[in-house]
1. Given (1) at pLDDT 80 or above; (2) of a type outside the set (S, T, Y); (3) part of a loop (DSSP other than H, G, I, E, B), where does K305 come up short, assuming only one miss?
2. Touching a Gly at 6+ places or on another chain (Cβ under 6 Å), under 23 Å from V68 (Cβ atoms) and not aromatic (F, W, Y), is that true of I107?
3. Could you please find all residues in region 16-36 being open to solvent by 10 Å² or more (accessible area, probe 1.4 Å) and either assigned to a helix (DSSP H, G or I) or without any contact (Cβ under 8 Å) to a residue 40 or more places away in the chain (or both)?
4. Could you figure out which of (1) surrounded by fewer than 24 Cβ atoms within 10 Å (Cβ to Cβ); (2) assigned to a helix (DSSP H, G or I) isn't true of V42?
5. Any residue at all in region 151-168 that is open to solvent by 30 Å² or more (accessible area, probe 1.4 Å) and farther than 22 Å from S16 by Cα?
6. Pick from S195, S190: which is exposed (fewer than 15 other Cβ atoms within 10 Å of the Cβ) and either aromatic (F, W, Y) or not in a loop (DSSP other than H, G, I, E, B) (or both)?
7. Here is a check on your reading of the model: is I87 modelled with pLDDT of 90 or more and assigned to a helix (DSSP H, G or I)?
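The values are calculated or read from the model by the stated rules, or taken from the named source; none is laboratory data. It should be emphasised that the depicted structure is a prediction, and the values quoted were computed from it without experimental measurement. All Cβ positions, even for glycine, are placed from backbone atoms using ideal geometry, and neighbour counts span all protein chains on display. Ligands, DNA and RNA are stripped out before the accessible areas are found, and what is left, the full protein with its side chains, is counted by its heavy atoms. Shrake-Rupley method; radii C 1.70, N 1.55, O 1.52, S 1.80 Å.
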Amino acid sequence: MLFYLVSFLIMGGIYSVICLALNMQWGFGGLFNAGIAGFYAVGAYSAAIITSANSANHVGGFDLPIVVGLVVAGILSGIVGWAIARICVRLKADYLAMASIGIAEIIRLAVINEEWLTNGSLGVSRIPRPLEDFFTGRESEMVFFIFVWIIVAITFWVAHRLYKSPWGRVMRAIRDNEAAAESVGKDVQSFRIQSFVIGAIFMGVAGALSAHYFKFFSPDATEPLLITFLAWVMLIAGGSGNNKGAVAGALIIWAIWSMTEIITQQLPPDWATRSSYIRMLLIGLFLQFVLQRFRAGLFPEKAPKLNVKSHG
């Protein structure tokens with residue numbers, strides 16, 4: 001039971017990083033990114049290639065420390081995010097969503113077809129975990145659990161500081177009324193690009209954590225249902241614009257998703273093949289329930305109070 005809980009919290013922590021990253025884009029700036037899986041994949045493959053041992057099947061053999069892999073994953077995901085934002089960030093809501101989905105699919109196809117780089121559909125294996133030379137088995141799980149939640153804490157701290165900063169106030173102003181923000185001299189496009197890039201960086205870090213956790217990464221792990229769809233449900237249910245809501249939503253929805261997997265495994269064989277659709281249905285019903293009772297999510301956004309000093 002203890003190690004089931006540890007495994008649950010590891011994946012819940014990885015999804016928390018994704019949700020916090022999405023919150024920096026959508027919750028802060030209203031940027032509808034439906035290509036989360038693409039940045040996740042860039043980060044995962046970057047970390048896998050940087051930290052894995054030499055292999056004849058793909059580029060690699062750098063065998064660098066895991067922290068270096070996480071930094072490289074974040075940087076490369078940020079660069080990809082910047083390139084996409086320069087092209088697409090001017091698009092509005094649904095158009096940005098369609099463009100980001102298309103780009104994520106391009107990344108997925110590149111991963112599958114560029115076998116010299118990623119080993120194609122066979123994926124990258126022998127990806128190391130932190131301190132695995134000193135800890136194995138269940139001890140390794142505990143070490144990785146601590147490692148993941150340190151990253152969650154760092155991500156949350158960054159998101160919290162950004163939200164309360166002048167930058168965060170400008171982003172909320174752009175989100176709520178772009179024309180008004182532009183009329184007072186704010187460079188709307190520049191701020192939107194910054195928000196998109198920061199979110200992409202942490203999505204890449206989440207992908208890197210996933211690759212290190214499973215010690216193997218293939219294109220199947222970038223399935224939009226498991227990454228993009230779940231991340232959006234988590235953020236909306238938890239409370240868009242609220243960093244605590246992003247983490248809470250990630251843990252609650254992941255609990256429902258993982259528990260329904262246990263339940264669907266008990267179904268007759270004819271129903272077992274439909275289990276993923278049943279789980280999606282249950283997640284959808286839960287989201288409908290939350291939004292009917294709590295329009296802004298379980299933990300709605302509360303803008304920080306401004307300290308206004310009186311003069312006179």
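1. (1)
2. On the way: touching a Gly at 6+ places or on another chain (Cβ under 6 Å): yes; under 23 Å from V68 (Cβ atoms): yes; not aromatic (F, W, Y): yes.
Against the criterion (touching a Gly at 6+ places or on another chain (Cβ under 6 Å), under 23 Å from V68 (Cβ atoms) and not aromatic (F, W, Y)), I107 qualifies.
3. Residues of region 16-36 open to solvent by 10 Å² or more (accessible area, probe 1.4 Å): 26, 30, 32, 34.
Hit for region 16-36 is W26, nothing else.
4. Every condition holds for V42 apart from (1).
5. Of the residues in region 151-168, the ones open to solvent by 30 Å² or more (accessible area, probe 1.4 Å) are 153-154, 156-158, 160-162, 164, 166-167.
Filter once more, so that each one left must be farther than 22 Å from S16 by Cα: 166-167.
Within region 151-168 (the criterion being open to solvent by 30 Å² or more (accessible area, probe 1.4 Å) and farther than 22 Å from S16 by Cα), the answer is yes, since at least one residue qualifies.
6. Details: S195 fails: exposed (fewer than 15 other Cβ atoms within 10 Å of the Cβ).
Answer to the selection: S190.
7. no
Here's the yes/no breakdown for (1) more than 30 Å from L251 (Cβ to Cβ); (2) in contact (Cβ under 8 Å) with a residue 12 or more places away in the chain:
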residue: L96; (1), (2): no, yes
residue: A104; (1), (2): no, yes
residue: L117; (1), (2): yes, yes
residue: S125; (1), (2): no, yes
residue: S140; (1), (2): no, no
residue: A173; (1), (2): yes, yes
residue: A179; (1), (2): yes, no
residue: V197; (1), (2): no, yes
